[in-house]
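**Student:** Following this message is one structure expressed as structure tokens.
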Amino acid sequence: EDALREQFRQTKMHNTLTYKGQNSVSTLKDKNPGAELCGVYKKSVQNDIYDMVHVSNQSYGALRHERIVYRVKDGFFVVVDMGLGSATGSVELNWHMAPGTINYVTQSDSFEARTAFSDGNNMSFRTFCFNNQTLNKGYTLTKGTSWHSDLPGRKYERQCYTLAQDKASDPARFVTVIYPFASEKEIPQMSAVFNSASSVTVTVGGEEYL
């Protein structure tokens, strides 16, 4: 089981940010100077529009991962991932979907994955990539398969994909809108824009949020 355990515990096997495909610091054998496996709570907000929580982790010595999750009261989620620090090179956002059919759609300004469950309880994952505050259409997409397990010795195949962008001196940012739908015709138009380093506006169905 040790080989499987090592495979499952890789950072890229989780729905999180990675740097050059490497594992974040997790055990003493991970040589990652300056890194800490120590999540830091930064802020939370509750209002009539959304619930929000902001957390941070020095996952790699020269790269800090900050994630902000919004539960919008109109019935969807927004996840903002940021790779900050002096590190340069590939920063990747990894998404692993539930087992089943996944439809991929390359939009003009973003990338989208849609579940296709027969019971109609589906989700659209649409990610906008930013180099600092500039929309980055030059991301690299890698699609593949991974596994999940609920019991020792048992595993299930699932679809996964990675969006990677090259980080220079500016932060790498990803904004993902997770939107529930029964029929694909219900998926609204979406857009995202950074107004400043700390302010993002997400527009869904013509309505501005955040």
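**Student:** Do you know which of the residues in the stretch 9-45 that are closer than 16 Å to Ser146 by Cα and charged (D, E, K, R) is modelled with the highest pLDDT?
**Tutor:** Across the stretch 9-45, the extreme among qualifying residues is Lys12.
**Student:** How about the stretch 147-210: which strands (runs of 3 or more DSSP E) wholly inside it have at least 2 residues that are open to solvent by 60 Å² or more (accessible area, probe 1.4 Å) and farther than 26 Å from Gly85 by Cβ?
**Tutor:** Working: elements: 154-167, 172-181, 190-196, 199-204, 207-209.
Result: 154-167, 207-209.
**Student:** Has the stretch 108-117 got any residue that is open to solvent by 10 Å² or more (accessible area, probe 1.4 Å), aromatic (Phe, Trp, Tyr), farther than 22 Å from Thr18 by Cβ and in contact with a Gly (Cβ under 9 Å, 6 or more places away or on another chain)?
**Tutor:** yes
**Student:** Out of Gly83, Gly75, report the one residue that is on the phi > 0 side of the Ramachandran plot and open to solvent by less than 50 Å² (accessible area, probe 1.4 Å).
**Tutor:** Working: Gly83 fails: on the phi > 0 side of the Ramachandran plot.
Residue meeting the stated conditions: Gly75.
**Student:** Looking only at the stretch 118-131, which residues are closer than 18 Å to Ala168 by Cα and open to solvent by 40 Å² or more (accessible area, probe 1.4 Å)?
**Tutor:** Asn131, the sole residue that qualifies.
The values are calculated or read from the model by the stated rules, or taken from the named source; none is laboratory data. Remember, it's a predicted structure, so these values are computed and weren't measured experimentally. We place every Cβ from the backbone using ideal geometry, glycine too, and count neighbours over all the protein chains shown. Calculation scope for accessible area: heavy atoms of the full protein, side chains included, ligands and nucleic acids excluded. Shrake-Rupley method; radii C 1.70, N 1.55, O 1.52, S 1.80 Å.
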